[in-house]
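Notes to accompany the following structure.
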Amino acid sequence: AQSVTQLGSHVSVSEGALVLLRCNYSSSVPPYLFWYVQYPNQGLQLLLKYTSAATLVKGINGFEAEFKKSETSFHLTKPSAHMSDAAEYFCAVIFATNKLIFGTGTLLAVQP
Amino acid sequence: GAGVSQSPRYKVAKRGQDVALRCDPISGHVSLFWYQQALGQGPEFLTYFQNEAQLDKSGLPSDRFFAERPEGSVSTLKIQRTQQEDSAVYLCASRRQGGGTDTQYFGPGTRLTVL
């Protein structure tokens with residue numbers, strides 16, 4: 001079955017530190033991959049997406065992610081965390097169907 | 001332009017009541033999706049429309065759940081005889097194209113609490 005796994009339901013970093021949120025997928029065919037962010041009481045906002053072009057994808061707010069087929073991974077990174085980055089982050093995939101399949105999310109806390 | 005809007009934002013229902021949740025997609029968007037997000041979980045797919053046609057309803061958890069999009073624009077998700085396990089945030093998303101990997105834009109959701 002198609003699935004997405006996000007390692008670490010809670011991640012805490014200091015302001016200015018590197019942010020690394022992990023996402024692994026399972027698929028026998030190349031997937032299309034997405035990262036969404038959700039602020040409290042708000043809907044999901046797209047950060048970036050991979051659709052088989054460049055493997056390093058740059059998104060909004062300084063985030064980027066690298067698609068690694070050999071590792072079936074699509075980890076999200078940001079060189080320097082900001083207080084405003086505190087939110088929940090979801091990795092998602094689309095395979096043959098139109099529906100997004102989401103991971104369980106990672107709650108990012110940024111400490112001053 | 002305006003994004004996806006949903007109403008009501010919050011709904012409290014007594015067990016056994018029927019509820020209707022509304023989604024107004026971005027104007028001109030062909031595709032519309034409904035997702036259910038339980039507390040502490042990622043969203044889970046419920047159903048998908050392309051214009052007025054419901055092409056996939058494989059995620060609807062029971063026959064108490066019904067969705068429609070009669071004119072290919074506004075959509076309503078109806079839950080009959082609500083149960084406590086229906087408590088969740090219901091998210092609507094729209095997409096410009098009929099297929100492919102075009103971005104799905106999400107609304108703020110309706111938080112349903114069933115007492």
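Once you have the Kirkwood Rh of segment B:1-90 from its Cα pairs, apply Stokes-Einstein at 20 °C and 1.002 mPa s and quote D in µm²/s. Provide the component values of the computation, followed by the final result.
Values: Rh = 13.6 Å.
It diffuses with D of about 158 µm²/s by this estimate.
Please give me the summed charge of the neighbours of A:Q6: other residues whose Cβ is under 14 Å from its Cβ, Lys and Arg +1, Asp and Glu -1. Walk me through the numbers on the way to the answer.
Numbers: positive: A:R22; negative: A:E88.
Neighbour charge sum, excluding A:Q6 itself: 0.
From Cα pairs below 8 angstrom and at least 6 apart in sequence, can you work out the relative contact order of chain A, rounded to a whole percent?
In percent, rounded to a whole number, it is 37.
Do any trypsin sites (Lys or Arg not before Pro) in segment B:74-115 lie in a loop, going by DSSP, with at most 12 other beta-carbon atoms within 10 Å of their beta carbon, and if so which?
Values: sites: B:K78, B:R81, B:R95, B:R96, B:R111; in loops: B:R81, B:R96.
Here the sparse-neighbourhood loop sites are B:R81.
Using alpha-carbon pairs under 8 Å, 6+ residues apart, how would you state the relative contact order of segment B:55-101 in percent?
Value for segment B:55-101: 24 percent.
Just to confirm a number: summing +1 for Lys and Arg and -1 for Asp and Glu over residues other than A:A92 whose beta-carbon lies under 10 angstrom from that of A:A92, what do you get? Can you show the working numbers first?
Working: positive: A:K49, A:K99; negative: none.
The answer is +2.
Using only alpha carbon pairs under 8 Å that are at least six residues apart, calculate the relative contact order of chain B and give it in whole percent. Before the final figure, lay out each step's value.
On the way: 295 pairs, mean separation 42.0, N = 115.
Reported relative contact order: 37 percent.
Which residue, chosen from B:L60, B:F106, A:L18, occupies the Cα position most advanced towards the positive end of the dipole of the protein assembly as shown, where the dipole is computed from +1 (Lys, Arg) and -1 (Asp, Glu) charges on Cβ about the Cα centre?
Towards the positive end, the residue furthest out is B:L60.
Give, as a single signed number, the net charge of other residues whose beta carbon lies under 15 Å from the beta carbon of A:S26, with Lys and Arg counted +1 and Asp and Glu -1.
On the way: positive: A:R22, A:K68, A:K69; negative: A:E71.
Net local charge, A:S26 excluded: +2.
Normalised by the empirical 2.2 N^0.38 Å for globular proteins, what value does the Cα Rg of the protein assembly as shown take? Walk me through the intermediate numbers first.
Working: Rg = 17.6 Å, N = 227, 2.2 N^0.38 = 17.3 Å.
Output field value: 1.02.
Please give me, ordered by residue number, the trypsin sites (Lys or Arg not before Pro) of segment B:1-76 that lie in loop per DSSP and have at most 15 other Cβ atoms within 10 Å. Walk me through the numbers before you get to the answer.
Working: sites: B:R9, B:K11, B:K14, B:R15, B:R22, B:K57, B:R64; in loops: B:R9, B:K14, B:R15, B:K57, B:R64.
Counting only loop positions with at most 15 other Cβ atoms within 10 Å, the trypsin sites (Lys or Arg not before Pro) in segment B:1-76 are B:R9, B:K14, B:R15, B:K57, B:R64.
Just so you know, all these numbers are worked out from the coordinates, no wet-lab data involved. This is a predicted model, so every value here is computed, not measured. Here Cβ is always computed from backbone atoms with ideal geometry, including for glycine, and neighbour counts include all displayed protein chains.
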